[in-house]
1. For the list (1) among the hydrophobic types (A, V, I, L, M, F, W, C); (2) open to solvent by 40 Å² or more (accessible area, probe 1.4 Å); (3) at pLDDT 90 or above, I need the number of the one condition that V45 fails.
2. Sort out which residues of region 66-89 are open to solvent by less than 60 Å² (accessible area, probe 1.4 Å), assigned to a helix (DSSP H, G or I) and free of Cβ contacts under 8 Å to residues at least 24 places away in the same chain, and write them in order of number.
3. Any residue in region 21-37 that is at pLDDT below 90, of a type in the set (K, R) and within 15 Å of the chain's Cα centre (by Cα)?
4. So is V18 in a helix (DSSP H, G or I) and within 14 Å of the chain's Cα centre (by Cα) or not?
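The values are calculated or read from the model by the stated rules, or taken from the named source; none is laboratory data. Just so it is clear, the structure is predicted and the values come from calculations on it, not from any experiment. Cβ placement follows ideal geometry from the backbone for every residue including glycine, while neighbour counts extend to all protein chains displayed. Remember, those area values only see protein heavy atoms, side chains included, never the ligands or the DNA or RNA. Shrake-Rupley method; radii C 1.70, N 1.55, O 1.52, S 1.80 Å.
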Amino acid sequence: MPAPPAHGLRFAFGTLTVLPVKVTRWDRDAARGGMLCAPVAGLAVGALAAASGVLLLLLGAGPLLAGVASAAVPAALTRGLHLDGLADTADGLGSGKPAEDAL
């Protein structure tokens, strides 16, 4: 039986963020619903990141601080989920080696 949408949302937020969400189903249907709802979790994380940057700018902080906060908020909310991939990409692009060796 397919999981109701609420289970998918809870699964997405519970596995992709640090937000306190109680995940009640851990089966294949809930995981499928969670992956379908993953963009909603990403949108929430992105909105919180943008809001932190805009709020800092409105409070008179400089653009560098607002930019750092806008990058730090999603890292904190997702437990650094994508920072490892970003670091690997930077290593490959910044290595100065031919493409085959950089891979």
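1. (2) is the only condition that V45 fails.
2. Residues satisfying the conditions are A66, G67, A69, S70, A72, A75, G85, A87.
3. Scanning region 21-37 turns up no residue that is at pLDDT below 90, of a type in the set (K, R) and within 15 Å of the chain's Cα centre (by Cα).
4. no
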